[in-house]
Every structure is written in C-alpha cells, then in structure tokens.
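Notes to accompany the following structure.
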Amino acid sequence: MTTWIITSSSKISNLLDTAREIGGAVNVVVVGDTQVGGDAVIRLPLADNQPVEALSGAVADVITAEPGDVVLAGNTSADRVLAGAVAARFDAPLLQSAKSIKVGEAVLSRFGGLSDETVSFDSVVVAVLDGGDALTADAGAETVKEVSGYSATVTEVNTEDTQTGDISLATRVIGAGRGFAEKEDLGLARELADVLGAEIGVTRPLAEGHGWAPRNSYIGVSGHVIAPELYIAVGLSGQIHHTAGVTDSEVIVAINDDELSEIFKFADYGIVGDLYEVLPELTEVVKGLE
C-alpha cells in the first residue's frame, strides 16, 4: 500500500510520522517550491501570484491511489481545499479532526473533543490532521510536473486582523477570558506570552462579542481545538464549550479570582487571585528563570 501526503507547506513532520506508522511507501505531492521529505516527491510548481488552491484539480490528477491507500493533508486552509479535491476525485471519505489513523481504521475527534469515534474503511481515504513542525529531512527522488491549473491570480493580500502564529500548532498557549476588563488589558497576557514563547487565544465572547481579538484566535467547540504542552487559562470561567477545546493539553494552569470557578476542575494547577496582580508577578518570575 501507499500513503500519500499532499501539502503546500513544509510543516508535515506529523504527517510523515503518521505515514511511517501506517507503513508502506510514502509519496509526497507538494504544491509550490516548499522543501519537504518523503520516499518520493512529486512537485507541482506555482506560477507567479497563483494561489495554491488553483492546482487542486492537478493534485488530484497526479495521485494514483488504490483501495486501502491513505491520503494525508495538513489542517491549513489551502491544504484542506487540496484534500477536498482528492476526496471528490476518488469518491473517498474525507476524515476531519483525525487524531490517529492506521491501515483500515481511524480515530476521529467529535463534538469539539468531547468524544472520539473509531471508523473503518477499505477504500481510498483522505484524512486531515495537524501537519506538525517544519520538516528538515532530505527527500527521496523528486519529479517535477508542470501543470496549468485553474485560472486564478492573487491580486491583493490583506493581513489585517490576523494572528501572527498558529495556536493550533503552538506548544504553549495562554487563553484569555472575560476576566479582562478592557481590550488594552490583554497586554498583560501578551507580556507573559512573550517571555514564555507562547501564543494568545481567547474565548468566544472576546473574539466575536467584544471584537477584542481576531476570530481565528477563538478556542472552543466551534473554534480551535488545541493540545499544547502548556495551556494557561486566565480570567475564564471554564464553560464546557471552551474546555472541550483544551482537554488534551498536557498541563493546564488556571488563574481566576473565583475559587469556585469551573476551570479549576479541569486544571492541573490553579492560582486563586486577581489576574491584574498575578500576571505581572508571574511574568517577572519567568523572566528570572531565563
């Protein structure tokens, strides 16, 4: 059998590890000039200002999957489009939120991480999961295929109101809730994030209600489901629609001035106190450890 990886990014370490666990040959189809590893690489160059999505049909054309083969894609907006095109071409199931996958079977996260579902398959299957870190391993034989793709050109890029990092891949995340009284006060969380090398996420009210943060920073059932090494929940109550998005975190630290807050039931460590006092002190402590 063959495992296929389709990507426009070098962040495929998790995809490659998963492919190795599945077994068999590993073919990587990469759109653009990103350098990746794998047993064999099929590269589809992009024309100037051509979006990755314009080659989705071409990606589906170059994959020669057989029943039982697995096609893996990273959980990015562009690669999800590529995955959808491949699934449509092979009339294959498209597995979202895949936690693990092996020959003939996959475990999927359901209801925002509240439960897992095990599914079986004997056809070609396409699975979307976190890509992982950037890959530095050498690739095997590389074949370049010149394709035209759909007629599309990027005429403008607007990066306003977007995250600088990807909280779904971050190893450390600070989550901010309604305990922050003003938008400017989120600076306290950012100062701690800077010294920890962490990303900032927020609850839904801060992103969609108050508009204090980009919508792509929202953590919860209908936002990001994350599993960092460290998650620090600051000034949030711990309602299930949020905690379902962080339950797989290795260590959860909660900071809240209400000792009866639900978040403490999910936390490994808890600090009962005013975030306006705790965060500056915690930031100074971390600085002292550097």
Could you list all residues from the stretch 213-224 that are assigned to a loop (DSSP other than H, G, I, E, B), in contact with a Leu (Cβ under 9 Å, 6 or more places away or on another chain) and open to solvent by less than 40 Å² (accessible area, probe 1.4 Å)?
-> Ala213
Index of the failed condition, Ile271 passing every other in (1) out of contact with any strand residue (DSSP E or B) (no Cβ under 7 Å at 6 or more places or on another chain); (2) open to solvent by 20 Å² or more (accessible area, probe 1.4 Å) | (1)
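Is the stretch 109-121 home to any residue that is among the aromatic types (Phe, Trp, Tyr) and modelled with pLDDT under 80? Steps first, please.
Initial filter on the stretch 109-121 (among the aromatic types (Phe, Trp, Tyr)): 111, 121.
In the following step, the residues that additionally are modelled with pLDDT under 80 were identified as 111.
Yes: one or more hits.
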Gly57 vs. criteria modelled with pLDDT under 90 and either touching a Cys at 6+ places or on another chain (Cβ under 6 Å) or within 20 Å of Val125 (Cα to Cα) (or both) = no
Of all the strands (runs of 3 or more DSSP E) wholly in the stretch 47-153, which have at least 2 residues that are buried (at least 19 other Cβ atoms within 10 Å of the Cβ)?
-> 70-74, 98-102, 105-110, 125-129
Subset of the stretch 195-206 that is within 18 Å of Gly245 (Cβ to Cβ) and either in contact with a Cys (Cβ under 8 Å, 6 or more places away or on another chain) or not charged (D, E, K, R) (or both) - its residue that is surrounded by the most Cβ atoms within 10 Å (Cβ to Cβ) = Gly201
Out of (1) on the phi > 0 side of the Ramachandran plot; (2) in contact with a Leu (Cβ under 9 Å, 6 or more places away or on another chain); (3) modelled with pLDDT of 85 or more, the odd one out for Gly132 is which?
-> (3)
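Conditions (1) free of Cβ contacts under 8 Å to residues at least 40 places away in the same chain; (2) surrounded by fewer than 17 Cβ atoms within 10 Å (Cβ to Cβ); (3) in a loop (DSSP other than H, G, I, E, B); (4) not β-branched (Val, Ile, Thr), marked per residue:
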{"residue": "Glu191", "(1), (2), (3), (4)": "no, no, no, yes"}
{"residue": "Glu208", "(1), (2), (3), (4)": "yes, yes, no, yes"}
{"residue": "Ile226", "(1), (2), (3), (4)": "no, no, yes, no"}
{"residue": "Gly238", "(1), (2), (3), (4)": "yes, no, yes, yes"}
{"residue": "His241", "(1), (2), (3), (4)": "no, yes, no, yes"}
{"residue": "Ile252", "(1), (2), (3), (4)": "yes, no, no, no"}
Assigned to a strand (DSSP E or B) and farther than 23 Å from Glu156 by Cβ, is that true of Ala40?
-> yes
So which of Val286, Val278 is at pLDDT 95 or above and either in a helix (DSSP H, G or I) or closer than 25 Å to Glu184 by Cβ (or both)?
-> Val278
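The values are calculated or read from the model by the stated rules, or taken from the named source; none is laboratory data. Since the model is a prediction, treat every value here as computed from it, not as a measurement. FYI the Cβ positions are ideal-geometry reconstructions off the backbone, even for glycines, and counts take in every protein chain you see. Calculation scope for accessible area: heavy atoms of the full protein, side chains included, ligands and nucleic acids excluded. Shrake-Rupley method; radii C 1.70, N 1.55, O 1.52, S 1.80 Å.
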